[in-house]
Amino acid sequence: MTEPLIHLESIVKTYVMGDVEVRALRGVDLDIDQGLIAIMGASGSGKSTLMNVIGCLDRPTSGKYLLTGQDVSKMGHNELADIRNKVIGFVFQSFQLLTRTSALENVELPLMYAGVAGRERHRRAREALERVGLGGRVHHHPNQLSGGQQQRVAIARAIVGRTRLLVADEPTGNLDSRTSVEIMALFQELWREGITIILVTHEPDIAAYASRVVVLKDGVLRSDVEQQARDARAELATLPPPEVLT
Ligand code: ADP
Ligand code: MG
């Protein structure tokens, strides 16, 4: 058997604030291979902490984390940054785009850090923007784009490397319900193309589009269920048409 993409074993994360310890994760065991996985749970249950550990943005206090078979719990900062750049893309609730640069330049940024040369960088960034349906808006700046379009730029930026894993903390949290379903339809396409997507959501309506739902409570897994994902593309056809954007 091959290694799962993600293997978490007895993951504990404790934040120390003065003389107070906050046990954000209290022993999480989780294997994730492929799929569109929704992480749910009440505010403060440890969702963001878990995403930060999975995304190699933060290290667990104890426990073992194997990503593509490599033990990241033992890696130093540089090694972590390296594996992050190579396999993981991030999407946030607030998009986190650079406001004074074009969609194209935003998407090129991770390639610039990876040392990809100009022409190849433009080509790949354009391709990623086409993949998310923004091929016609590559020179627009974020303030000329709707929230849904901005999130698409962020998703293009997240997949422009050779991303196998996309980590998204409440990616539809700032979007209206139709736009949220559009973003889920895009995630479902990327999932079918082989990218594993882990997203945090508060909304059962959004989690319905996932192939697996993991619920956290007080830093431990409360449930973990595979399900038939609702088809977001089919759902869109039943919704009123979007507002026309010029
Ligand atoms: P969620 O995303 O589910 O709302 P979090 O992972 O953000 O939960 O937080 C889990 C717990 O850890 C909460 O009690 C929160 O206050 C605490 N926590 C999160 N980040 C930090 C931090 N950087 N420093 C101290 N405590 C933190
Ligand atoms: Mg959170």
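Of everything in the range 157-210, what is of a type outside the set (G, A, S) and in contact with a Pro (Cβ under 7 Å, 6 or more places away or on another chain)? Give them in sequence order. Correct list: R157, V160, R178, I183, L199.
For the range 171-181, indicate whether the set of residues that are under 19 Å from E226 (Cα atoms) and open to solvent by less than 10 Å² (accessible area, probe 1.4 Å) is non-empty. No, the range 171-181 contains no residue that is under 19 Å from E226 (Cα atoms) and open to solvent by less than 10 Å² (accessible area, probe 1.4 Å).
F90 falls short on exactly one of the conditions (1) closer than 26 Å to Q227 by Cβ; (2) within 16 Å of ligand 1 (Cβ to nearest atom); (3) without any contact (Cβ under 8 Å) to a residue 40 or more places away in the chain, and that condition is (3). When R59, R121 are checked against the criterion of being in a helix (DSSP H, G or I), open to solvent by 10 Å² or more (accessible area, probe 1.4 Å) and in contact (Cβ under 8 Å) with a residue 12 or more places away in the chain, R121 stands alone in meeting it. Report whether or not Y65 is over 17 Å from the mean Cα position of the chain (by Cα) and at pLDDT 95 or above. Judged against the criteria, Y65 is a match. When both residues are 6+ apart or on different chains and their Cβ atoms are under 6 Å apart, which pairs have a first residue that lies in the range 158-176 and is on the phi > 0 side of the Ramachandran plot and within 16 Å of ligand 1 (Cβ to nearest atom), and a second that is among the polar types (S, T, N, Q) and open to solvent by 20 Å² or more (accessible area, probe 1.4 Å)? If the second residue must be among the polar types (S, T, N, Q) and open to solvent by 20 Å² or more (accessible area, probe 1.4 Å), the pairs left are E170/Q93. Residues that are more than 22 Å from the chain's Cα centre (by Cα) and away from ligand 1 (no atom under 13 Å from the Cβ) within the range 20-38 comprise just one, G27.
The values are calculated or read from the model by the stated rules, or taken from the named source; none is laboratory data. Keep in mind it's a predicted model, so treat the numbers as computed, not measured. Every residue, glycine as well, gets a Cβ built from its backbone with ideal geometry; the counts of neighbours run over all protein chains shown. Just so you know, the surface numbers come from the protein's heavy atoms only, side chains and all, with ligands and any DNA or RNA stripped out. Shrake-Rupley method; radii C 1.70, N 1.55, O 1.52, S 1.80 Å.
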